[in-house]
Amino acid sequence: MSGENKEQPKKPAATPPKPTAAKPPVPAKPPAPAAATAPQKKEPEPPAFEKGIADQIKKRFGEAVKVVFIRPLRIKLMVEPRDIVEVATFLRDTMGLDHAESAGGTDYPKDNQIEMSYHLGSYGREDLASHVLSLSTRTARDDARLPTLINVYKSVEYHERETFEMLGIYFEGHPRNDRFLLPEDWADIPPLRKDFRIKGR
Amino acid sequence: MAELIDFIIVSVVLVAIGIYGLVVKRNAIRMLISIEIVANAANLTLVAFSRSLPNAQGQVFALFSIAIAAAEVAVGLGLVIVAYRLYKEIDVAEFRSMRG
Amino acid sequence: MADPVFIGVAVLTVGSAIIALETRELIYGAIALAISMLGVAGFFLLLDAPFVAMFQIAVYVGAVAVLIIFTVMLVRTQALFSVKEDKKRKGAGIALMLIIMASLGALLLASGLNGQFGNFNDSEAIDFREIGEQMLTYYAPTLIIMALTLAGSVIAALALARREEVTSIDGEGQQNGRTD
Amino acid sequence: MASYPQNFRFGEFVGSILWLVFWVLIIVTLVGLPLVFIVLFYVPLPPIGDEVLTPYLFLTMVVDPSRTIPIVEHLMTTDLFRVAVFPGFTYGALIGGLTIFIERKFLAKMQLRVGPLYAGKIEGIFQLIADGLKLIAKEIIVPSGADKPIFWAAPIAFVSVSAAVVTLIPVAPGWVVADLDVGLLAVFAILGFFPLIALLFSWASNSKYPFIGGLRALHQMIAFEIPFILSALSVVILSGTLNLTGVVEAQLQSYWFIFFVPISAFVFYISSLAELERIPFDLPEAESEIVAGWLTETSGMIYGLLQLGSYIKTYALAALFVVLFLGGWAGPQVFPQEFHTPLVDISPLYDPVAANATLWFTLKTFGMIMLFLLPRGISPRIRIDILLHTGWYKLIVLTFINMFIALALIYGGILGPGGLLVR
Amino acid sequence: MTSLEDKFEETKRLGLQIVRESEDERLMTLSVGPQHPGSGHFRFTIKLDGDYIVYCDPDPGYVHRGEEKMCEYRNFIQNIPHLERPVIHDSTNITYAYSLAVEELVGIEVPRRGQFIRAIASELNRQVYTLYWLAIYGIFLGHSTMFMWPTGDRELFIDLLEALTGARVTHAYNIPGGVRNDMPEGFRDRCLRQVHYFEKRLKEYEDIFYNNPLFRQRTEQVGVLTKDDAAKLGVTGSVVRASGIPYDIRKAEPYDIYNEIDFKVQYMKTGDSFARSYTPFLDMRESCHIIEQLLDKMPQSGEVRAKLQPNPKGPPGEAYRRVESGRGALGFHIISDGTPKPYRVKISVGSFRNILALPYLLVGQRLADMPAIYWSLNYWPVEADR
Amino acid sequence: MTSAGAIIKAIESGSKHLLIKRFTFRYPEEKLKFVGDGYQFDPKKGVGIAGYRGRHILFHDKCTGCQLCAIACEGIAEAIGMVKVDEQWKQNKKGIMPQIDFGKCVFCGLCVDACPFYALFMTNDYELSSFTKEHLIYTPAQLAVKPKYQGDVEIVIDDRGATHG
């Protein structure tokens, strides 16, 4: 492990508890600096290593990639669906993020959009081993279609299949957009969409 | 106590049954079964005569014959399998392209 | 002819030989063949040839019947049940069978074999040690040729039944290796 | 929380029972008793000594111990006794049953468990009976599309073929059901039936897992049959006979053959494990791959019969090992020549030689059975290609080595007629 | 078929063509279904050519319960008891990751003693899971003693955890802000004695199981997953460590107290079934050392649970936290919209990532290798289905 | 011959255990001894007290009918319902107390954490089986009964292995 990495681990323990450290007994209403606002504004000075990575990506793609937040060990990028394959290929080949840990979608009915985020990690680069880069994209709710990343990351095969049936995103180019976890006779709307309600709740 | 002629008669009956099967049946496996029946009838005759004259050679020949029959069945069934794989059929009349 | 054991074995042998040919399902035919072979082995025991009888059981029941049953299982049932035989042919076959039986039987009865050698109890049974002796002395070349024939046929069967794509030892190969 | 109907009346309940008893008594007196009397007094049995036996007389003699002795003595000379009781089926089945119990306790000990515990007060000795009763009580489910005649016949054939092997085993001098000249050959001829039965049964079950299991059983048994026969062949060379009693007597005259041909004994042991489908060779029943192999579709007493058959087979092969390599019934005399019991004199039944022989034979057999059970505790299942490779290449070579050793012993004048080590 | 790409193409071809359209009669389809003794609550169809597997189609979902959807209806604390249902043999670790994520969202810190107790519970529970896994691996390979021994020793660890947490399997012990209760009296000595005993037992396991030549024959060179393929497929936990990548979340991204603990990441280089089965075993040994260290360094008294309101809520935002569970990295991605209930919970579990390797490893192997490969992937069907 | 040696080692390792005491513990005759009297919670400190989480015990003199336990259970198992009791307690004006359905309860103990008045604890009693599901619903009166659980078997770990009792 490189020297840089040895320093990294201590940061998550140090940074998040800022609000509570100020007022431990009443955590219910922390009017303190960050809590009420969006996370990306919480930290005006993101850690250097993560910032460097984000800058590298930013430099390559310019405005096509939007950095949502940079936190210790975590980076979130937002791209347009048409760019995602290109960005992912760049991340895999140049940045050394060689596998996807997880991929899942979130339904935002207010924006009429579905967000799909891939959490990418690295086995190859030791200094990136503790980082997770979240590559997100958004698509319309009504006609949810996204290009598949299966040709870039083999590891998203089942995650995408799961997302297809849980959120109804059709992945163009994925070999099997079909039933995976749900019962064979499932005939309702995709269950992880917000307008699907569990009975009695 | 049974005598030599009784064994020979049983053997004759078996031979006749075997030949009937060879003539009538067109199924390759059944034809192999018929051949086995005929071979057994022959063995029976051999052993019966060997017992009757007392002479060990009849039994020796019977043993040889049994071994040969086993080898023949192995090859025969190998052929049946190949033919089945080619024609999806074990009826010998259907093995048309075997001619020439 | 009054020996009930003999009659029983004879009925078993001949009856199951007929069943082996005439039953509709080939697998029962194979089983009936095995039983018929057992009957023949019983004859051998009656003829005081226990060595040949045991050999017969070991080879025919342990190998030949297994082989045939195995082949029957490999072949799809659809091909087994298609009975294609015409009545005329069957009639002719039965006639042929009866003619063979009648003529050979008449020949045998007329040949003077009947009663000539008398009862088996008169003569000593052959010890199987004598068979071994003869096999290893006078018939030794035959034995070697036999062994080569067996080996050749096993290899031939292996070569016939193997598939090109599969490189390792397959089911049929093991099967045919049994036949010695 | 006993549940009973609301309109329950105890009086009615007692009345109904009394009514039932009344009718049973009527039927018994009118039909049952005359039948019993006819059977007791008019059915002839074979004569004992000089009087014709009837069941009634038989019963009176059984009640009086001193008069029972001749009946038992007569019974013990019949073939039926030999086939059904002592060296035959019951003895084999008893040892088989004991084997099951020992296996369970032995494995439990090895695996830090307790094994059967509650059936029977002491350490669950009646567990086998409980299991047998359970199996009998269970429904036998025949799979749809199964070949019914074969499906029903195969378990029975399995047990009877196992029992047929048992009949060839000499337990004590003179105590063997069928003393054939070609006894050893007969054993192998009969063992050849097992693959056939397994294959037929697996095919008849109309399911894929049994079929794969049956094919595996076939391959395995056939692959190990040749080393099996060849390893016994070296014993035949040493003793000069195929008769099993003769083999034992040859060992009585010299030493146990395991000292001369240990490699053969080892090969025989391995091949027996394979023939018995015991771990590590239990591929035909590998439950993590093919559910339960060729036993998948068995239920109730069909399963029970197959298990009974396989344990009888275990006994038969262990006994065969004892006969071939461990000197059969050879052992020092521990029973006294004379044996007197205070109440009834059973000296006409008492044969010190046979009792001694049986004792040693049984002890050795149990030792062998323990050896057969041991691998189950310490070994995983082997893979089919390794198994076939072992059977076809390694074991056959080993047996040939030992056959040459046996030949050298014979021709070197150490064993055989007039050999150095022959007493 | 050698490289991953070839296997992938072949599987795709077979999956699309043979399975749906034409049945090659040479192939035998075998359903290793949910009732099969060698599968668990999981089904995969394999196609056999003779004794060789040519195609495998996993079909999970038999125990899918929609845990992710259920989480959206309960508040942060109420989620805990039902989140451990997917993997009751490793329930401390799954709630551990959840608690970490919620702590990041809500913004609280766990007291130091609480962190130690958490780590001890997590290590003990990993032992419980690994022993259970090992027991099943033993019985899958027909080794019944190897089923009974770990099951018996697992019972000791369960008793320990029961003394600590109050429940045998579903502990509900970790909670955002710490642990539910302090250690009982005498737990430390009991735990140390147990760990020492267990280290002795591990040698016996090695004697009877891992060094057994028959076991080695069954597993060595079977289902080899190379380093590159392991990285591409994104497998995790012992599977990836067996392939030569020393990746352990405890080392890569040390949570709570793990950066003060001295331990080595155990890994092997061969990547076959044997390595995949031996790595968890080495992990168990390492885990024993970790427990000893934790018991040594633990502060003798102190708070174990930070004060937290009964219905905690954090600011809008998202958190992704991972822990090393028995089956590898276990991550929780929680999105909060500022209400007491999470907006979206995505659970990324090791099983679901590992099972992706199954079709690629099975193709070209023998039927008898199927259990050896399948269970070496450290797969827990209920967890994968969630 | 390393493989032969390994097999011999395995045999030795297995057969060694023929002499070691058995591990199995005979449940109905022997019962395990637990830590403490059951899981309890100290709301002042905000920390639980270690103990087995078996069935609950309800102290009627402390229960105020505040329903916090039922609210805590709402999202988890929905096992707790508040029922009217005939008793008159000063602190319990509404006269309602929890009734627990042990057919639904998951024994997580979060209801104990929620109780601020030391009224609801858990006990060592885990033998709750019954023939019908209705019998698993414990009324407040049943919950007040202190269970009779007697477990005295402890795990002993010594040089010869681990045993129960």
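Of C:Leu109, E:Leu100, F:Gln142, which is farthest along the charge dipole of the protein assembly as shown in the positive direction, counting Lys and Arg as +1 and Asp and Glu as -1 at C-beta?
E:Leu100
Taking θ = phi - 60°, what integer Hz values does the Karplus form 6.51 cos²θ - 1.76 cosθ + 1.60 yield along region D:300-311, in sequence order, with x for Gly and Pro?
So the J values, rounded to whole Hz, are x, 6, 5, 4, x, 5, 5, 5, 4, x, 5, 6.
Is the C-alpha gyration tensor of region A:37-172 telling us rounded, prolate or oblate? Criteria: a/c under 1.5 is rounded; beyond that, a/b larger than b/c is prolate, otherwise oblate.
Oblate.
Check cross-link reach from F:Lys148 to the aspartates and glutamates: straight Cα distance under 19 Å, and skip same-chain residues fewer than eight apart.
F:Glu29, F:Glu30, F:Asp37, F:Asp125, F:Glu127
Once you average over the residues of F:84-96, how many Cβ atoms of partner chains fall within 10 Å of each Cβ? Intermediate values should be presented prior to the final figure.
Numbers: counts 0, 0, 0, 0, 0, 0, 0, 0, 0, 0, 0, 0, 0.
So the per-residue partner count for this stretch is 0.
What ranking do E:277-283, A:112-118 get when scored by the average of other Cβ atoms within 10 Å per residue, highest first?
E:277-283, A:112-118
Between A:Thr94 and D:Val43, with labels modelled 7 Å along Cα→Cβ, what's the label distance in nm to one decimal, could you check?
10.0 nm
With +1 on each Lys and Arg Cβ and -1 on each Asp and Glu Cβ, how big is the dipole of region E:257-358 about its Cα centre, in debye rounded to the nearest 20?
In debye, rounded to 20, region E:257-358 gives about 480.
In the P(r) worked out for chain F, what percent of Cα pairs fall beyond 19 Å?
Every Cα pair in chain F considered, those over 19 Å come to 64 percent.
Let's test the formula: R0 of 41 Å, r as the Cβ-Cβ distance of E:Lys307 and A:Glu126. What FRET efficiency results, to the nearest 0.05?
That gives a FRET efficiency of 0.60.
Please give every one of the aspartates and glutamates within straight-line cross-link reach of C:Lys90, meaning a C-alpha to C-alpha distance under 17 Å, and leave out same-chain neighbours fewer than 8 residues apart.
Straight-distance partners of C:Lys90: B:Asp91, C:Glu22.
Given R₀ = 25 Å, FRET efficiency for F:Lys44-F:Thr139 by Cβ-Cβ distance, to 0.05?
That gives a FRET efficiency of 0.30.
Quick query: amide H of F:Val35 versus all other amide H atoms, modeled in the peptide plane; which residues come in under 5 Å with a sequence gap of 5 or more or a different chain?
Those qualifying (amide H under 5 Å, at least 5 residues apart or on another chain) are F:Tyr52.
Give the longest segment of chain D that steers clear of GluC sites (Glu not before Pro) in DSSP loops with at most 16 neighbouring Cβ atoms within 10 Å, not counting the sites themselves. Don't jump to the answer; show the numbers that get you there.
Numbers: sites that count: D:Glu123, D:Glu139, D:Glu338.
So the longest stretch without any such site is D:140-337.
Under unit Cβ charges (Lys, Arg +1; Asp, Glu -1), what dipole magnitude, rounded to 20 debye, does the protein assembly as shown have relative to its Cα centre?
That gives the protein assembly as shown a dipole magnitude of about 4580 debye.
How far apart, in nm, are the 7 Å Cα→Cβ label points at A:Glu184 and F:Lys16?
With each label placed 7 Å out from Cα toward Cβ, I get 5.2 nm.
Keeping to pairs on different chains or 8 or more places apart, tell me how many lysine pairs in region A:37-172 have Cα atoms under 14 Å apart.
7
Express in nm, to one decimal, how much length is gained between D:Ala84 and D:Phe13 on full extension, taking 0.36 nm for each residue of separation and deducting their alpha carbon distance.
Value of the extension gain: 20.9 nm.
If each residue's Cβ is checked for other Cβ atoms within 10 Å, how do E:Lys47, D:Lys208, A:Lys199 rank with the fewest at the top?
A:Lys199, D:Lys208, E:Lys47
Quote the FRET efficiency, to the nearest 0.05, computed for E:Arg112 versus D:Lys394 with a Förster distance R0 of 56 Å and r equal to the Cβ-Cβ distance. Provide the component values of the computation, followed by the final result.
On the way: r = 61 Å, r/R0 = 1.10.
With R0 = 56 Å, the Cβ-Cβ based efficiency is 0.35.
For A:Lys66 and A:Lys194, calculate 0.36 nm times their separation in residues minus their Cα-Cα distance, and state this gained length in nm to one decimal.
Length gained, A:Lys66 through A:Lys194: 43.5 nm.
Please name which of D:Val165, D:Val24, D:Gln111 has its Cα lying farthest along the dipole of chain D towards the positive end, using unit charges on Cβ (Lys, Arg +1; Asp, Glu -1) and the Cα centre as origin.
Of the listed residues, the answer is D:Gln111.
Tell me, in nm to one decimal, what length is gained between F:Asp159 and F:Ser130 on full extension, where the rule is 0.36 nm per residue of separation less the Cα-Cα distance?
Stretched out fully, the F:Asp159 to F:Ser130 stretch lengthens by 6.3 nm.
Packing-wise, with mean Cβ within 10 Å as the measure, how do E:116-125, F:137-146, B:63-72, E:308-317 rank, highest first?
Numbers: E:116-125: 26.0, F:137-146: 15.9, B:63-72: 20.4, E:308-317: 18.8.
Packing order, densest peptide first, comes out as E:116-125, B:63-72, E:308-317, F:137-146.
Quick one: putting +1 on the C-beta of Lys and Arg, -1 on the C-beta of Asp and Glu, what dipole do you get for region E:67-353 around its Cα centre, in Debye to the nearest 20?
In total the dipole reaches around 380 debye.
Sort D:387-398, E:328-339 by packing, meaning the average of other beta carbons within 10 Å per residue, with the highest value first.
With the highest mean Cβ count within 10 Å placed first, the list reads E:328-339, D:387-398.
Is there a simple number for the mean count of other chain Cβ atoms within 10 Å of the Cβ of residues in D:87-96, and what is it?
Values: counts 0, 0, 0, 0, 0, 0, 0, 0, 0, 0.
Mean shielding by partner chains, rounded to a whole number: 0.
For D:Glu338 paired with C:Glu25, estimate the spin-label separation in nm (one decimal), with each label point 7 Å from Cα along the Cα-to-Cβ line.
Label-label distance for D:Glu338 and C:Glu25, simple model: 6.6 nm.
Return the Cα extents of chain D along principal axes one, two and three, sorted largest first, each rounded to a whole Å.
Its Cα atoms span 88, 60, 43 Å along the three principal axes.
Cross-link partners among lysines for F:Lys45, C-alpha distance below 22 Å, same-chain residues fewer than 8 apart left out?
A:Lys23, A:Lys29, E:Lys307, E:Lys313, F:Lys62
For region F:74-122, which GluC sites (Glu not before Pro) pass both filters: DSSP loop (anything but H, G, I, E, B) and at most 15 other C-beta atoms within 10 Å?
Loop-located and lightly packed - F:Glu78, F:Glu87.
Over 20 Å between Cα atoms: which of F:Lys33/F:Lys133; D:Lys208/E:Lys47; F:Lys44/F:Lys104; A:Lys199/E:Lys69; F:Lys104/F:Lys133 fall into that group?
Those over the limit are F:Lys33/F:Lys133; F:Lys44/F:Lys104.
Under Stokes-Einstein, with the Kirkwood radius over Cα pairs standing in for Rh, what whole-number D in µm²/s applies to the protein assembly as shown at 25 °C and 0.890 mPa s? Present the calculation step by step, with values, prior to reporting the outcome.
Numbers: Rh = 37.4 Å.
It comes out at roughly 66 µm²/s.
No value in this document is a laboratory result; all are computed from the given coordinates. A quick note: this is a predicted structure, and the numbers were derived from the prediction, not measured. Virtual Cβ from ideal backbone geometry, glycine too; neighbours counted across all protein chains shown.
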